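The values are calculated or read from the model by the stated rules, or taken from the named source; none is laboratory data. Note that the structure is a prediction, hence the values are computed from the model and not measured. Backbone-built Cβ (ideal geometry, glycine too); neighbour counts: all protein chains shown. All accessible areas refer to the heavy atoms of the entire protein, side chains included, with ligands and DNA or RNA removed. Shrake-Rupley method; radii C 1.70, N 1.55, O 1.52, S 1.80 Å.
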Amino acid sequence: MDPDFPLWLRATHLINFVLIGILLRSGWEMLSSLPRLWWSNDSAPGKEWLRFTKRKLPKEEGVYTSLMDERSLSPLIGLPGRKNIGLGRHWHGLGTTLWMLNGIVYVVLLFGTGLWRRIIPTSWDIFPQAWDSLVMYLGFTKPSVEHFQPYDALQMLGYTFIIFVVAPLMILTGLAMAPAIRNRFPRYVKFWGGHQGARSIHFILMVIMTLFIVMHVSLVFIVHAEYNLPRMIFGANDPERYAQAFTIALATITIVIFFWIFLSYWSLADRPRAQRFLVKVTEPARKIGLGWMKPTVEDAKALGEDDVSEFHWTNGLPPTEDESPEWLEAKANNWESWRLHVGGGADGESLDLSLDDLKQLPKVEYYATHTCMQGWSGTSLWGGARLTDVLDLLGPRPQGANYVMVESYGLAQEMIDHRPREPFYSVLDLDTIEEQGVILAYERNSKPLEVHLGAPVRLRAESNHGYKMVKWVKSVQWIDDYSKYGDGRGGTREDSALQAFNGRI
(Lines give C-alpha, C1' and ligand atoms only; values in the text may rest on other atoms or scores of the structure.)
Protein backbone atom coordinates (compact mmCIF):
# COMPACT_ATOMS: atom_id res chain seq x y z
CA MET A 1 0.00 0.00 0.00
CA ASP A 2 1.14 3.55 -0.76
CA PRO A 3 1.53 5.39 2.59
CA ASP A 4 0.65 8.66 0.84
CA PHE A 5 -2.90 7.42 0.15
CA PRO A 6 -4.28 5.79 3.32
CA LEU A 7 -7.93 4.81 3.62
CA TRP A 8 -8.90 7.87 5.68
CA LEU A 9 -7.55 10.16 2.97
CA ARG A 10 -9.49 8.45 0.21
CA ALA A 11 -12.65 8.33 2.31
CA THR A 12 -12.58 12.02 3.22
CA HIS A 13 -11.96 12.92 -0.44
CA LEU A 14 -15.00 10.94 -1.55
CA ILE A 15 -17.19 12.41 1.19
CA ASN A 16 -15.93 15.89 0.30
CA PHE A 17 -16.84 15.32 -3.36
CA VAL A 18 -20.40 14.35 -2.41
CA LEU A 19 -20.83 17.28 -0.02
CA ILE A 20 -19.32 19.88 -2.34
CA GLY A 21 -21.91 18.90 -4.92
CA ILE A 22 -24.69 19.42 -2.37
CA LEU A 23 -23.23 22.79 -1.36
CA LEU A 24 -22.77 24.07 -4.90
CA ARG A 25 -26.18 22.96 -6.17
CA SER A 26 -28.06 24.31 -3.14
CA GLY A 27 -26.03 27.51 -3.38
CA TRP A 28 -27.11 27.93 -7.00
CA GLU A 29 -30.71 27.41 -5.90
CA MET A 30 -30.32 30.21 -3.36
CA LEU A 31 -28.69 32.52 -5.89
CA SER A 32 -31.48 31.90 -8.40
CA SER A 33 -34.00 33.32 -5.92
CA LEU A 34 -32.32 36.72 -6.35
CA PRO A 35 -29.92 36.40 -9.29
CA ARG A 36 -28.07 39.65 -8.64
CA LEU A 37 -24.92 40.60 -6.77
CA TRP A 38 -23.98 43.95 -5.26
CA TRP A 39 -21.12 45.50 -3.36
CA SER A 40 -23.30 48.27 -1.92
CA ASN A 41 -25.37 47.25 1.08
CA ASP A 42 -28.61 48.84 -0.17
CA SER A 43 -28.95 46.46 -3.14
CA ALA A 44 -30.15 49.37 -5.24
CA PRO A 45 -31.34 48.96 -8.85
CA GLY A 46 -28.59 49.52 -11.37
CA LYS A 47 -25.80 49.01 -8.84
CA GLU A 48 -25.42 45.27 -9.45
CA TRP A 49 -21.91 44.24 -10.45
CA LEU A 50 -23.24 40.93 -11.76
CA ARG A 51 -26.68 39.59 -12.61
CA PHE A 52 -28.01 36.36 -14.07
CA THR A 53 -31.25 37.78 -15.41
CA LYS A 54 -32.25 40.09 -18.24
CA ARG A 55 -34.88 41.82 -16.14
CA LYS A 56 -34.09 45.43 -15.26
CA LEU A 57 -35.22 46.70 -11.88
CA PRO A 58 -37.56 49.69 -11.61
CA LYS A 59 -36.07 52.62 -9.69
CA GLU A 60 -39.22 53.16 -7.64
CA GLU A 61 -39.48 51.37 -4.32
CA GLY A 62 -42.36 49.07 -3.56
CA VAL A 63 -43.56 48.27 -7.08
CA TYR A 64 -41.36 45.23 -7.67
CA THR A 65 -40.89 42.59 -4.99
CA SER A 66 -37.92 40.30 -4.64
CA LEU A 67 -40.17 37.27 -5.16
CA MET A 68 -40.94 38.63 -8.64
CA ASP A 69 -37.23 38.43 -9.42
CA GLU A 70 -36.94 34.73 -8.54
CA ARG A 71 -35.84 32.35 -11.26
CA SER A 72 -36.53 28.64 -11.63
CA LEU A 73 -33.61 26.22 -11.93
CA SER A 74 -33.89 22.74 -13.33
CA PRO A 75 -33.61 19.99 -10.67
CA LEU A 76 -30.68 18.74 -12.72
CA ILE A 77 -28.81 21.91 -11.72
CA GLY A 78 -30.26 23.27 -8.49
CA LEU A 79 -30.98 21.50 -5.23
CA PRO A 80 -33.86 21.03 -5.25
CA GLY A 81 -34.69 23.42 -8.10
CA ARG A 82 -38.01 24.91 -9.24
CA LYS A 83 -38.04 27.98 -6.95
CA ASN A 84 -37.56 26.24 -3.61
CA ILE A 85 -35.20 28.53 -1.74
CA GLY A 86 -36.40 27.25 1.63
CA LEU A 87 -35.39 23.67 0.89
CA GLY A 88 -32.25 24.95 -0.83
CA ARG A 89 -31.25 26.75 2.36
CA HIS A 90 -31.90 23.62 4.41
CA TRP A 91 -29.76 21.48 2.09
CA HIS A 92 -27.04 24.15 2.18
CA GLY A 93 -27.10 24.12 5.98
CA LEU A 94 -26.86 20.34 6.15
CA GLY A 95 -24.12 20.26 3.51
CA THR A 96 -22.14 22.97 5.30
CA THR A 97 -22.32 21.20 8.65
CA LEU A 98 -21.16 17.85 7.28
CA TRP A 99 -18.55 19.48 5.02
CA MET A 100 -17.00 21.31 7.97
CA LEU A 101 -16.96 18.14 10.09
CA ASN A 102 -15.34 16.20 7.26
CA GLY A 103 -12.84 19.02 6.77
CA ILE A 104 -11.88 19.01 10.45
CA VAL A 105 -11.26 15.27 10.33
CA TYR A 106 -9.17 15.69 7.18
CA VAL A 107 -7.00 18.51 8.56
CA VAL A 108 -6.48 16.83 11.94
CA LEU A 109 -5.37 13.57 10.30
CA LEU A 110 -3.33 15.46 7.73
CA PHE A 111 -1.19 17.04 10.44
CA GLY A 112 -1.42 14.06 12.80
CA THR A 113 0.09 11.70 10.20
CA GLY A 114 2.63 14.14 8.79
CA LEU A 115 1.09 13.99 5.32
CA TRP A 116 0.75 17.79 5.36
CA ARG A 117 4.29 17.98 3.98
CA ARG A 118 3.16 16.71 0.61
CA ILE A 119 0.74 19.58 -0.01
CA ILE A 120 2.06 22.48 2.07
CA PRO A 121 5.22 24.04 0.56
CA THR A 122 8.27 24.18 2.81
CA SER A 123 10.58 25.93 0.35
CA TRP A 124 10.38 29.07 -1.81
CA ASP A 125 11.52 26.89 -4.71
CA ILE A 126 7.90 25.85 -5.07
CA PHE A 127 7.07 29.05 -6.96
CA PRO A 128 9.48 28.74 -9.92
CA GLN A 129 8.67 25.03 -10.09
CA ALA A 130 4.95 25.79 -10.13
CA TRP A 131 5.53 28.31 -12.93
CA ASP A 132 7.31 25.66 -14.97
CA SER A 133 4.39 23.29 -14.45
CA LEU A 134 1.91 25.97 -15.49
CA VAL A 135 3.81 26.66 -18.69
CA MET A 136 3.76 22.94 -19.51
CA TYR A 137 0.00 22.63 -18.87
CA LEU A 138 -0.72 25.71 -20.99
CA GLY A 139 1.33 24.15 -23.76
CA PHE A 140 -0.81 20.97 -23.49
CA THR A 141 2.08 18.95 -22.15
CA LYS A 142 2.61 17.59 -18.64
CA PRO A 143 5.48 17.35 -16.17
CA SER A 144 7.23 14.02 -16.10
CA VAL A 145 6.16 11.54 -13.44
CA GLU A 146 9.20 12.18 -11.20
CA HIS A 147 7.82 15.67 -10.46
CA PHE A 148 4.81 14.12 -8.67
CA GLN A 149 5.52 13.09 -5.07
CA PRO A 150 2.59 12.56 -5.26
CA TYR A 151 1.76 16.06 -6.62
CA ASP A 152 3.70 18.51 -8.71
CA ALA A 153 4.49 22.03 -7.45
CA LEU A 154 1.48 23.68 -9.08
CA GLN A 155 -0.92 21.13 -7.60
CA MET A 156 0.65 21.61 -4.17
CA LEU A 157 0.06 25.36 -4.32
CA GLY A 158 -3.47 24.78 -5.55
CA TYR A 159 -4.25 22.39 -2.72
CA THR A 160 -2.80 24.72 -0.09
CA PHE A 161 -4.74 27.68 -1.48
CA ILE A 162 -8.06 25.83 -1.59
CA ILE A 163 -7.77 24.07 1.78
CA PHE A 164 -6.25 26.87 3.86
CA VAL A 165 -7.45 30.03 2.10
CA VAL A 166 -10.59 29.50 -0.01
CA ALA A 167 -12.41 27.04 2.27
CA PRO A 168 -11.91 29.09 5.48
CA LEU A 169 -12.92 32.28 3.67
CA MET A 170 -16.09 30.60 2.44
CA ILE A 171 -16.95 29.69 6.02
CA LEU A 172 -16.16 33.18 7.32
CA THR A 173 -18.15 35.01 4.64
CA GLY A 174 -21.01 32.53 5.04
CA LEU A 175 -21.16 33.36 8.75
CA ALA A 176 -21.22 37.07 7.93
CA MET A 177 -24.55 36.58 6.13
CA ALA A 178 -26.31 35.12 9.19
CA PRO A 179 -28.59 37.56 11.08
CA ALA A 180 -27.38 36.14 14.40
CA ILE A 181 -23.81 37.14 13.55
CA ARG A 182 -24.84 40.46 11.99
CA ASN A 183 -26.66 41.56 15.13
CA ARG A 184 -24.20 40.22 17.67
CA PHE A 185 -21.01 41.15 15.82
CA PRO A 186 -21.94 43.91 13.32
CA ARG A 187 -18.36 45.14 13.02
CA TYR A 188 -17.35 41.70 11.79
CA VAL A 189 -19.93 41.95 9.01
CA LYS A 190 -18.79 45.49 8.14
CA PHE A 191 -15.25 44.12 7.78
CA TRP A 192 -16.45 42.11 4.77
CA GLY A 193 -18.18 45.11 3.23
CA GLY A 194 -21.53 44.41 4.83
CA HIS A 195 -24.02 41.71 3.87
CA GLN A 196 -23.62 42.31 0.15
CA GLY A 197 -19.83 42.38 0.32
CA ALA A 198 -19.83 39.04 2.14
CA ARG A 199 -22.34 37.64 -0.37
CA SER A 200 -20.28 38.76 -3.37
CA ILE A 201 -17.00 37.46 -1.93
CA HIS A 202 -18.71 34.17 -1.10
CA PHE A 203 -19.86 33.91 -4.72
CA ILE A 204 -16.34 34.60 -6.07
CA LEU A 205 -14.92 31.95 -3.76
CA MET A 206 -17.59 29.53 -4.96
CA VAL A 207 -16.50 30.11 -8.56
CA ILE A 208 -12.86 29.50 -7.59
CA MET A 209 -13.81 26.32 -5.74
CA THR A 210 -15.88 25.08 -8.69
CA LEU A 211 -13.08 25.71 -11.19
CA PHE A 212 -10.57 23.98 -8.92
CA ILE A 213 -12.77 20.89 -8.60
CA VAL A 214 -13.31 20.68 -12.35
CA MET A 215 -9.58 21.05 -13.06
CA HIS A 216 -8.54 18.78 -10.21
CA VAL A 217 -10.81 15.92 -11.26
CA SER A 218 -9.87 16.40 -14.92
CA LEU A 219 -6.14 16.30 -14.19
CA VAL A 220 -6.57 13.04 -12.28
CA PHE A 221 -7.70 11.42 -15.53
CA ILE A 222 -5.36 13.34 -17.83
CA VAL A 223 -1.99 13.55 -16.07
CA HIS A 224 -0.39 10.18 -15.32
CA ALA A 225 -3.74 8.54 -14.65
CA GLU A 226 -2.07 5.14 -14.57
CA TYR A 227 -0.47 6.16 -11.27
CA ASN A 228 -3.19 8.50 -9.90
CA LEU A 229 -6.21 6.25 -10.17
CA PRO A 230 -4.80 3.09 -8.53
CA ARG A 231 -3.62 5.26 -5.65
CA MET A 232 -7.00 6.94 -5.28
CA ILE A 233 -9.06 3.78 -5.55
CA PHE A 234 -6.88 1.10 -3.99
CA GLY A 235 -4.30 3.13 -2.08
CA ALA A 236 -1.61 1.32 -4.04
CA ASN A 237 1.02 2.52 -6.53
CA ASP A 238 0.16 -0.22 -9.00
CA PRO A 239 -0.17 0.88 -12.67
CA GLU A 240 -1.21 -2.66 -13.64
CA ARG A 241 -4.56 -2.07 -11.92
CA TYR A 242 -5.22 1.11 -13.89
CA ALA A 243 -8.09 -0.26 -15.99
CA GLN A 244 -9.88 -1.56 -12.91
CA ALA A 245 -9.30 1.71 -11.04
CA PHE A 246 -10.52 3.74 -14.03
CA THR A 247 -13.76 1.76 -14.21
CA ILE A 248 -14.43 2.11 -10.48
CA ALA A 249 -13.63 5.85 -10.51
CA LEU A 250 -15.94 6.50 -13.45
CA ALA A 251 -18.71 4.43 -11.89
CA THR A 252 -18.30 6.26 -8.56
CA ILE A 253 -18.55 9.69 -10.19
CA THR A 254 -21.64 8.59 -12.08
CA ILE A 255 -23.28 7.26 -8.91
CA VAL A 256 -22.52 10.49 -7.04
CA ILE A 257 -24.04 12.61 -9.82
CA PHE A 258 -27.16 10.46 -9.82
CA PHE A 259 -27.28 10.81 -6.02
CA TRP A 260 -27.19 14.61 -6.32
CA ILE A 261 -30.07 14.54 -8.79
CA PHE A 262 -31.97 12.01 -6.67
CA LEU A 263 -31.87 14.45 -3.73
CA SER A 264 -33.57 17.06 -5.90
CA TYR A 265 -36.40 14.82 -7.05
CA TRP A 266 -36.81 13.24 -3.60
CA SER A 267 -37.21 16.74 -2.15
CA LEU A 268 -39.68 17.84 -4.82
CA ALA A 269 -41.76 14.65 -4.57
CA ASP A 270 -42.93 15.64 -1.06
CA ARG A 271 -41.63 19.03 -0.04
CA PRO A 272 -43.17 19.11 3.47
CA ARG A 273 -41.57 15.71 4.16
CA ALA A 274 -38.21 17.04 2.98
CA GLN A 275 -38.61 20.12 5.17
CA ARG A 276 -39.42 18.04 8.25
CA PHE A 277 -36.39 15.84 7.69
CA LEU A 278 -33.98 18.67 6.96
CA VAL A 279 -35.10 20.87 9.84
CA LYS A 280 -34.82 17.94 12.24
CA VAL A 281 -31.24 17.16 11.25
CA THR A 282 -30.04 20.77 10.94
CA GLU A 283 -31.67 22.45 13.93
CA PRO A 284 -29.14 21.08 16.47
CA ALA A 285 -26.32 22.70 14.48
CA ARG A 286 -28.31 25.95 14.30
CA LYS A 287 -28.77 26.05 18.06
CA ILE A 288 -25.24 25.02 18.96
CA GLY A 289 -23.59 27.12 16.27
CA LEU A 290 -25.41 30.46 16.28
CA GLY A 291 -28.76 30.09 18.00
CA TRP A 292 -27.40 31.13 21.38
CA MET A 293 -26.17 34.54 20.19
CA LYS A 294 -28.08 37.54 21.50
CA PRO A 295 -27.72 41.10 20.20
CA THR A 296 -26.77 43.78 22.73
CA VAL A 297 -27.36 47.53 22.92
CA GLU A 298 -23.65 48.17 22.37
CA ASP A 299 -23.65 46.10 19.19
CA ALA A 300 -26.28 48.38 17.64
CA LYS A 301 -23.89 51.34 17.88
CA ALA A 302 -21.74 49.86 15.11
CA LEU A 303 -24.19 51.30 12.56
CA GLY A 304 -25.04 54.96 12.06
CA GLU A 305 -26.53 57.54 9.74
CA ASP A 306 -23.81 57.02 7.14
CA ASP A 307 -24.87 53.39 6.77
CA VAL A 308 -28.51 54.14 5.89
CA SER A 309 -29.49 52.74 2.51
CA GLU A 310 -30.86 54.91 -0.28
CA PHE A 311 -33.05 52.06 -1.54
CA HIS A 312 -34.99 49.41 0.35
CA TRP A 313 -36.41 46.29 -1.29
CA THR A 314 -39.64 44.71 -0.18
CA ASN A 315 -41.31 41.35 -0.48
CA GLY A 316 -45.06 41.44 -0.74
CA LEU A 317 -47.37 44.22 -1.86
CA PRO A 318 -49.74 46.26 0.35
CA PRO A 319 -53.22 44.81 0.96
CA THR A 320 -55.78 45.34 -1.77
CA GLU A 321 -59.54 45.90 -1.56
CA ASP A 322 -60.14 42.17 -1.91
CA GLU A 323 -57.61 41.38 0.80
CA SER A 324 -58.38 43.98 3.45
CA PRO A 325 -60.90 46.80 2.97
CA GLU A 326 -60.42 47.53 6.69
CA TRP A 327 -56.73 48.35 6.17
CA LEU A 328 -57.48 50.47 3.10
CA GLU A 329 -60.09 52.44 5.04
CA ALA A 330 -57.57 53.09 7.81
CA LYS A 331 -55.02 54.22 5.27
CA ALA A 332 -57.53 56.63 3.74
CA ASN A 333 -58.19 58.34 7.09
CA ASN A 334 -54.50 58.63 7.98
CA TRP A 335 -54.63 55.56 10.22
CA GLU A 336 -57.11 57.08 12.68
CA SER A 337 -59.34 54.00 12.48
CA TRP A 338 -56.44 51.52 12.54
CA ARG A 339 -56.38 49.28 15.56
CA LEU A 340 -53.87 46.73 16.82
CA HIS A 341 -55.59 43.80 18.49
CA VAL A 342 -53.61 42.42 21.43
CA GLY A 343 -54.95 39.12 22.71
CA GLY A 344 -54.33 35.88 24.52
CA GLY A 345 -54.34 37.32 28.05
CA ALA A 346 -54.36 35.13 31.16
CA ASP A 347 -58.14 35.15 31.50
CA GLY A 348 -58.94 35.75 27.88
CA GLU A 349 -58.28 39.48 28.12
CA SER A 350 -57.69 41.46 24.98
CA LEU A 351 -57.45 45.07 23.98
CA ASP A 352 -57.32 47.25 20.88
CA LEU A 353 -54.66 49.93 20.54
CA SER A 354 -54.67 52.91 18.21
CA LEU A 355 -51.52 54.22 16.61
CA ASP A 356 -51.47 57.04 19.15
CA ASP A 357 -51.76 54.49 21.98
CA LEU A 358 -48.74 52.70 20.59
CA LYS A 359 -46.77 55.93 20.43
CA GLN A 360 -47.48 56.60 24.11
CA LEU A 361 -45.30 53.63 25.03
CA PRO A 362 -41.52 54.14 25.46
CA LYS A 363 -39.96 54.59 22.04
CA VAL A 364 -37.05 52.39 20.99
CA GLU A 365 -34.84 53.56 18.13
CA TYR A 366 -31.86 51.86 16.52
CA TYR A 367 -30.01 51.32 13.24
CA ALA A 368 -30.25 47.85 11.77
CA THR A 369 -29.62 46.02 8.51
CA HIS A 370 -32.58 44.10 7.19
CA THR A 371 -31.69 40.93 5.30
CA CYS A 372 -34.00 38.76 3.24
CA MET A 373 -33.54 35.03 2.84
CA GLN A 374 -33.29 35.72 -0.91
CA GLY A 375 -30.16 37.81 -0.41
CA TRP A 376 -31.01 41.52 -0.52
CA SER A 377 -30.32 43.89 2.35
CA GLY A 378 -31.01 47.44 3.46
CA THR A 379 -29.99 49.51 6.48
CA SER A 380 -32.42 51.89 8.21
CA LEU A 381 -33.10 53.69 11.46
CA TRP A 382 -36.12 51.96 12.96
CA GLY A 383 -38.34 53.41 15.68
CA GLY A 384 -41.25 51.95 17.60
CA ALA A 385 -42.53 50.29 20.76
CA ARG A 386 -41.03 47.14 22.21
CA LEU A 387 -43.23 44.13 21.66
CA THR A 388 -42.89 43.17 25.33
CA ASP A 389 -44.19 46.60 26.40
CA VAL A 390 -47.27 46.07 24.23
CA LEU A 391 -47.86 42.58 25.65
CA ASP A 392 -47.37 43.83 29.21
CA LEU A 393 -50.53 45.92 28.79
CA LEU A 394 -52.41 42.62 29.11
CA GLY A 395 -50.70 41.80 32.37
CA PRO A 396 -48.33 38.90 33.17
CA ARG A 397 -47.62 36.27 30.57
CA PRO A 398 -50.37 33.64 30.67
CA GLN A 399 -49.41 30.23 32.00
CA GLY A 400 -48.54 27.92 29.12
CA ALA A 401 -48.07 30.76 26.64
CA ASN A 402 -44.79 29.87 24.92
CA TYR A 403 -45.01 31.97 21.76
CA VAL A 404 -46.33 35.21 20.32
CA MET A 405 -48.14 35.17 16.99
CA VAL A 406 -48.17 38.33 14.87
CA GLU A 407 -50.73 38.50 12.08
CA SER A 408 -50.94 40.85 9.08
CA TYR A 409 -53.76 42.61 7.28
CA GLY A 410 -52.04 41.40 4.13
CA LEU A 411 -52.10 37.95 2.59
CA ALA A 412 -49.32 35.53 1.70
CA GLN A 413 -47.96 36.06 -1.80
CA GLU A 414 -48.52 32.40 -2.61
CA MET A 415 -49.35 29.14 -0.85
CA ILE A 416 -47.42 25.91 -1.21
CA ASP A 417 -50.34 23.96 -2.67
CA HIS A 418 -51.84 26.90 -4.62
CA ARG A 419 -54.85 27.08 -2.33
CA PRO A 420 -56.42 30.51 -1.74
CA ARG A 421 -53.98 32.88 -0.11
CA GLU A 422 -54.20 33.19 3.66
CA PRO A 423 -53.35 36.04 6.08
CA PHE A 424 -49.60 36.41 6.58
CA TYR A 425 -48.44 35.55 10.09
CA SER A 426 -45.27 34.84 12.02
CA VAL A 427 -44.53 33.27 15.39
CA LEU A 428 -41.70 34.22 17.77
CA ASP A 429 -40.46 32.24 20.75
CA LEU A 430 -39.97 33.64 24.25
CA ASP A 431 -36.22 34.14 23.90
CA THR A 432 -36.66 36.19 20.75
CA ILE A 433 -39.38 38.53 22.02
CA GLU A 434 -37.17 39.48 24.98
CA GLU A 435 -34.47 40.87 22.68
CA GLN A 436 -33.96 44.64 22.51
CA GLY A 437 -34.44 44.68 18.74
CA VAL A 438 -37.94 43.19 18.73
CA ILE A 439 -40.30 46.11 18.25
CA LEU A 440 -43.49 47.15 16.52
CA ALA A 441 -42.01 49.83 14.28
CA TYR A 442 -44.03 52.82 13.16
CA GLU A 443 -41.09 54.91 11.95
CA ARG A 444 -38.23 54.46 9.52
CA ASN A 445 -35.44 57.01 9.28
CA SER A 446 -37.36 59.30 11.68
CA LYS A 447 -40.38 59.46 9.38
CA PRO A 448 -43.70 57.59 9.43
CA LEU A 449 -43.27 54.08 8.08
CA GLU A 450 -43.84 53.84 4.31
CA VAL A 451 -46.87 51.96 3.05
CA HIS A 452 -44.89 49.46 0.98
CA LEU A 453 -42.70 48.63 3.99
CA GLY A 454 -45.61 47.85 6.31
CA ALA A 455 -47.41 51.02 7.42
CA PRO A 456 -48.69 51.88 9.83
CA VAL A 457 -46.86 49.26 11.94
CA ARG A 458 -44.56 46.35 11.17
CA LEU A 459 -42.70 43.83 13.29
CA ARG A 460 -38.92 44.09 13.62
CA ALA A 461 -36.97 41.09 14.98
CA GLU A 462 -33.38 41.95 14.10
CA SER A 463 -31.80 38.63 15.04
CA ASN A 464 -33.83 36.93 12.30
CA HIS A 465 -34.18 37.11 8.53
CA GLY A 466 -36.93 39.32 7.14
CA TYR A 467 -39.46 36.53 6.65
CA LYS A 468 -40.18 36.65 10.40
CA MET A 469 -40.98 40.40 10.32
CA VAL A 470 -44.68 40.85 9.57
CA LYS A 471 -45.75 43.99 7.68
CA TRP A 472 -49.14 45.76 8.00
CA VAL A 473 -49.58 44.30 11.48
CA LYS A 474 -53.16 43.52 12.51
CA SER A 475 -52.79 41.61 15.77
CA VAL A 476 -50.38 40.15 18.30
CA GLN A 477 -51.40 37.42 20.70
CA TRP A 478 -50.02 34.91 23.13
CA ILE A 479 -50.34 31.29 22.00
CA ASP A 480 -49.30 28.01 23.56
CA ASP A 481 -48.38 26.00 20.44
CA TYR A 482 -47.85 27.24 16.89
CA SER A 483 -48.62 23.80 15.43
CA LYS A 484 -52.31 24.73 15.76
CA TYR A 485 -52.04 27.58 13.25
CA GLY A 486 -51.62 27.58 9.50
CA ASP A 487 -49.76 24.46 8.43
CA GLY A 488 -48.19 24.24 11.87
CA ARG A 489 -44.67 25.33 10.96
CA GLY A 490 -44.63 28.67 12.77
CA GLY A 491 -45.22 31.22 10.04
CA THR A 492 -46.40 31.89 6.51
CA ARG A 493 -42.94 31.62 4.98
CA GLU A 494 -42.33 28.45 6.95
CA ASP A 495 -45.62 27.10 5.59
CA SER A 496 -45.40 28.31 1.99
CA ALA A 497 -41.65 28.55 1.37
CA LEU A 498 -40.66 25.81 3.82
CA GLN A 499 -38.25 28.00 5.74
CA ALA A 500 -37.08 27.08 9.23
CA PHE A 501 -38.87 28.40 12.32
CA ASN A 502 -35.44 29.49 13.48
CA GLY A 503 -34.72 32.52 11.28
CA ARG A 504 -31.33 33.38 12.77
CA ILE A 505 -29.25 31.72 10.04
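Structure data summary
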| quantity | calculated |
| --- | --- |
| Proportion of all alpha-carbon pairs of the chain beyond 28 Å (%) | 58 |
| Simple label model, 7 Å out from Cα along Cβ direction - Trp131 to Arg421, nm | 6.2 |
| Order by protection proxy (mean Cβ within 10 Å, highest first), peptides 108-120, 38-50, 280-292 | 38-50, 280-292, 108-120 |
| Rounded Å value of the spacing that divides the Cα centres of the range 438-505 and the range 181-236 | 36 |
| Tail fraction, Cα-Cα pairs, the range 197-250, threshold 17 Å, whole percent | 47 |
| Equivalent ellipsoid dimensions for the range 411-505 as semi-axes, Å, which come from the Cα gyration tensor, largest first | 22, 17, 12 |
| Computed E for Glu70/Gln360 - FRET, C-beta separation, R0 45 angstrom, nearest 0.05 | 0.65 |
| Karplus 3J(HN,Hα) series, Hz, for the range 206-215 with 6.51 cos²θ - 1.76 cosθ + 1.60 (x for Gly, Pro) | 4, 5, 4, 4, 4, 4, 4, 4, 4, 5 |
| Linear extension gain, Leu393 paired with Glu283, 0.36 nm per residue minus alpha-carbon span | 36.2 nm |
| Peptides ranked, highest mean first, by Cβ atoms within 10 Å: ranges 202-213, 436-447 | 436-447, 202-213 |
| Under Karplus coefficients 6.51, -1.76 and 1.60, residue-wise ³J(HN,Hα) of the range 29-39 in Hz, glycine/proline x | 4, 5, 5, 5, 6, 8, x, 9, 10, 10, 9 |
| For the range 182-191, 3J(HN,Hα) per residue [Karplus equation, 6.51 cos²θ - 1.76 cosθ + 1.60, θ = phi - 60°, Hz, x = Gly/Pro] | 4, 8, 8, 10, x, 5, 5, 5, 4, 4 |
| Cα-based shape type of the range 290-399, given that a ≥ b ≥ c are square roots of the gyration tensor eigenvalues and the cut on a/c is 1.5 | oblate |
| Semi-axis lengths, Å, the range 325-385, gyration tensor of Cα atoms, sqrt of 5 times eigenvalues | 26, 18, 15 |
| Pairs of Cα atoms farther than 16 Å apart, the range 156-264, % | 69 |
| Stretchable slack from Val107 to Arg339, in nm (0.36 nm times residue separation minus alpha-carbon distance) | 77.7 nm |
| Separation of the Arg51 and Tyr265 label points, Cα + 7 Å toward Cβ, nm | 3.5 |
| C-alpha center-to-center spacing [the range 360-413, the range 91-161] in angstrom | 50 |
| In range of the label at Glu326: residues from the range 396-420 whose backbone nitrogen is under 11 Å from the point 7 Å along Cα→Cβ | 408-410 |
| Local electrostatic count at Ile126 - Lys and Arg +1, Asp and Glu -1, tallied over other residues with Cβ under 14 Å | -1 |
| Extension reserve of the Ile120-Asp431 stretch, reckoned as 0.36 nm per residue once the Cα distance is removed | 107.4 nm |
| Considering only the chain, percent of DSSP beta bridges that pair antiparallel, nearest 5 | 95 |
| Per residue solvent-accessible surface (Å²) - the range 81-157, probe of 1.4 Å | 56 |
| Carbon + sulfur, % of accessible area of the range 270-391 - ligands and nucleic acids excluded, 1.4 Å | 49 |
| Where Rh is the Kirkwood radius over Cα pairs, Rg/Rh for the range 100-204 | 1.12 |
| Rounded accessible area per residue of the range 427-484, 1.4 Å, Å² | 29 |
| Two-site label geometry, Ile213 and Thr254: point separation in nm, points 7 Å out along Cα→Cβ | 2.1 |
| Convex hull volume of the range 236-309 per residue (C-alpha atoms, cubic angstrom) | 279 |
| Student exercise, the chain dipole from Lys, Arg, Asp, Glu Cβ charges, in Debye to nearest 20 | 1080 |
| Helix-only mean residue ellipticity at 222 nm for the chain, each DSSP H run of n ≥ 4 adding -39500 (n - 2.57), per residue, nearest 500 | -13500 deg cm²/dmol |
| Mean Cβ neighbour count within 10 Å, used as a protection proxy, ranking 417-428, 331-342 highest first | 417-428, 331-342 |
| Amide N of the range 226-246 lying under 18 Å from the label point, which is placed 7 angstrom from the Cα of Leu7 along Cα→Cβ | 231-237 |
| Debye log10 I(q)/I(0) for the range 33-117, one point scatterer per Cα, at q = 0.17 Å⁻¹ | -0.84 |
